[in-house]
Amino acid sequence: MTKETVYDVAIIGAGTMGMAAGAFLAQQGAKTLLMDAFDPPHVNGSHHGDTRLIRHAYGEGRQYVTLVKRAQQLWEDLEQQTGYKIFEKTGILGFGPGDSVFLAETMVSAQKHDLPLEILNGAEINERWPGFSVPDDFIGCFESQSGVIYSENAIRAYKDLAIRNGATLLTNTPVQHIEMDDEQQVKISTEHTAFYAKKVIVTAGAWAAKLLPDLNLPIQPTRKNVGWFEAPSDLYHADNMPAFYGEDEGIGFYGFPDFNGDGLKIGRADGGKAIDPDLQTQNFGLYETDESDLRQVLETYLPGANGILKQGKTCLYTISSDNHFIIDHHPENDRIIFACGFSGHGFKFGSVMGEVLSQMALEGQSKFDISIFSLTRFGS
């Protein structure tokens with residue numbers, strides 16, 4: 001690549017947020033370069049495993065709801081534009097003890113943003129969906145309009161859109177470092193080649209801290225597990241139960257009904273093992289707890305789904321120190337934009353983050369209020 005080729009925007013990390021940003025930028029005529037160390041969709045980041053929840057009444061904070069409502073609209077638009085199946089309206093059930101702070105915030109965010117939310121007790125949950133075994137004194141929050149995003153299809157759809165509109169995608173191309181060039185362009189160095197762009201967006205997930213070492217980003221790449229278990233379809237098929245999440249005594253979990261015979265999918269939101277992302281491999285089963293942690297949830301809350309383990313995978317969460325996203329311009333170089341620390345609840349926002357990041361690159365700031373995600377909240 002010669003220096004005469006200067007991109008309007010280069011995106012480092014063409015996964016969930018990066019691929020979406022590339023599609024938005026290319027659609028607006030920006031000369032766009034997408035770079036990824038792997039070949040998305042792939043199993044080395046945070047987007048694999050077929051499915052992700054999209055909740056609207058948001059227990060992590062009511063300030064997310066405006067963004068997730070826009071994300072929902074954009075996912076549905078993507079499905080229409082590309083023909084890929086992106087969204088499945090399964091409804092989502094959340095449950096936990098009556099004093100759950102997360103569920104309390106879920107209810108407040110629904111009320112504040114006029115979202116449909118049905119409140120149930122444990123006995124009502126078990127009666128409506130017999131696959132669950134929830135204590136009678138638990139509370140449940142059921143969102144009938146929420147559901148599931150087919151995550152790998154979403155990456156493929158944005159990939160197709162980006163390329164169709166003229167973006168250049170370089171796969172299996174790890175970036176070694178980023179620096180300002182003498183001509184006020186950003187130089188992006190790989191093992192063999194340098195690329196140049198007027199703006200750079202870093203959406204490299206667990207590798208963000210390595211690419212931006214001067215920022216001391218407060219993020220921790222974390223190995224997490226998910227498994228698919230054989231479960232009777234009369235109780236656990238998507239026709240008969242919603243997607244779900246729950247918490248109790250420090251344990252957090254989430255799951256998906258069986259869609260096509262692959263089994264009920266369950267994952268833990270708590271725990272995990274801190275890891276160097278360069279050492280992450282698909283090694284589910286390396287630790288005995290990989291499976292037993294998942295079975296603990298099944299035995300307690302979905303006993304009928306505690307069948308044969310059909311498949312297990314690991315993935316990378318990149319967890320910020322306060323579990324909220326980090327999205328900002330580099331404090332010393334506003335040509336560099338970064339988005340990271342999505343902390344295990346970011347995928348659902350991938351579509352709107354593509355829009356946000358494209359606005360930051362082309363217009364200097366987003367039309368959405370993302371001030372709560374600024375790096376400045378952590379101080380110097």
Original post:
Which FRET efficiency, nearest 0.05, do T300 and F38 yield, Cβ-Cβ r, R0 25 Å?
Top reply: 0.10
**OP:** Would you please give the residues with an amide H less than 5 Å from that of Y58, counting only those at least 5 places away or on a separate chain, with H modeled from the backbone geometry?
**Re:** S109, A110
Original post:
Is the stretch 140-274 rounded, prolate or oblate when judged by the Cα gyration tensor, a ≥ b ≥ c being the square roots of its eigenvalues, rounded requiring a/c under 1.5 and prolate requiring a/b larger than b/c?
Top reply: prolate
Original post:
Just from its helices, what would the mean residue ellipticity at 222 nm be for the chain, if runs of 4 or more DSSP H residues each count -39500 (n - 2.57) and the sum is divided by every residue, rounded to the nearest 500 deg cm²/dmol?
Top reply: -8000 deg cm²/dmol
Subject >> Average projected area [Cα convex hull, the chain], square nanometres >> reply: 18.0
Original post:
Hey, what do the phi angles of the stretch 301-309 turn into as Karplus ³J(HN,Hα) couplings, whole Hz, using 6.51/-1.76/1.60 and θ = phi - 60°, x for Gly and Pro?
Top reply: 10, 9, x, x, 9, 7, x, 5, 6
Original post:
Reachable aspartates and glutamates from K210, Cα under 12 Å, same-chain residues fewer than 8 places away excluded?
Top reply: D276, D278
Subject >> Residue-count net charge about D328 - beta-carbon cut-off 12 Å; Lys, Arg +1, Asp, Glu -1 >> reply: -1
**OP:** Rank A269, G364, S320 by how far each Cα sits towards the positive end of the charge dipole of the stretch 251-380 (+1 on Lys, Arg Cβ; -1 on Asp, Glu Cβ) and give me just the farthest.
**Re:** A269
Subject >> Cleavage-rule hits (chymotrypsin sites (Phe, Trp or Tyr not before Pro)) in the stretch 187-237: DSSP loop, at most 16 neighbouring Cβ within 10 angstrom >> reply: none
Original post:
Which residue, L103, L264, L362, has the most motion in a Gaussian network model of the chain that connects Cα atoms within less than 10 Å?
Top reply: L362
Original post:
Among the lysines, which have Cα under 17 Å from the Cα of K273 when same-chain residues fewer than 8 positions away are ignored?
Top reply: K224, K313
**OP:** Could you size up the charge dipole of the chain around its Cα centre, putting +1 on the beta carbon of Lys and Arg and -1 on that of Asp and Glu, and report it in debye to the nearest 20?
**Re:** 900
Original post:
Extension gain Q184-S233, at 0.36 nm per residue separation less the Cα-Cα distance, in nm?
Top reply: 11.7 nm
**OP:** Scan around G252 for amide H atoms under 5 Å from its own, H built in the peptide plane at 1.01 Å from N, and keep only partners 5 or more places away or cross-chain.
**Re:** A269, D270
Original post:
In the stretch 70-212, with Lys and Arg counted as +1 and Asp and Glu as -1 at Cβ, which of these residues, G147, I163, F195, has the Cα nearest the positive end of the dipole, that is, farthest along it?
Top reply: F195
Original post:
Which of E299, E355, E332 moves the most in a Gaussian network model of the chain with Cα springs under 10 Å?
Top reply: E332
Original post:
Accessible area, 1.4 Å probe, largest first: how do L309, L279 sort?
Top reply: L279, L309
**OP:** Please name which of H113, T5, A238 has its Cα lying farthest along the dipole of the chain towards the positive end, using unit charges on Cβ (Lys, Arg +1; Asp, Glu -1) and the Cα centre as origin.
**Re:** T5
Subject >> chymotrypsin sites (Phe, Trp or Tyr not before Pro) within the stretch 18-65: DSSP coil, no more than 14 neighbouring Cβ in 10 Å >> reply: none
**OP:** Would you mind counting up the charge near F87? Only other residues with Cβ under 9 Å from its Cβ, with Lys and Arg at +1 and Asp and Glu at -1.
**Re:** -1
**OP:** Rounding to the nearest 20 debye, state how big the charge dipole of the stretch 292-380 is about its Cα centre with +1 on each Lys and Arg Cβ and -1 on each Asp and Glu Cβ.
**Re:** 400
Subject >> the chain: most fluctuating residue of I11, I125, I308 per GNM, C-alpha cutoff 10 Å >> reply: I308
Original post:
Where does the charge balance sit around K159 when Lys and Arg score +1, Asp and Glu -1, over other residues with C-beta under 14 Å from its C-beta?
Top reply: -2
Original post:
In Å², what does the accessible area per residue of the chain work out to with a 1.4 Å probe?
Top reply: 41
Original post:
How much length is gained on full extension from L286 to V108, taking 0.36 nm per residue of separation minus their Cα-Cα distance?
Top reply: 60.0 nm
Original post:
For the chain, what proportion of DSSP beta bridges, expressed in % and rounded to the nearest 5, is antiparallel?
Top reply: 70
Subject >> Cross-link partners of K112 among lysines (Cα-Cα below 27 Å; sequence separation of 8 or more within a chain) >> reply: K69, K89, K348, K367
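The values are calculated or read from the model by the stated rules, or taken from the named source; none is laboratory data. None of the values given here were measured: they were computed from a predicted structure. Cβ atoms come from the backbone with ideal geometry, glycine included; neighbour counts cover every protein chain shown. Accessible surface areas use protein heavy atoms only, side chains included; no ligands, DNA or RNA. Shrake-Rupley method; radii C 1.70, N 1.55, O 1.52, S 1.80 Å.
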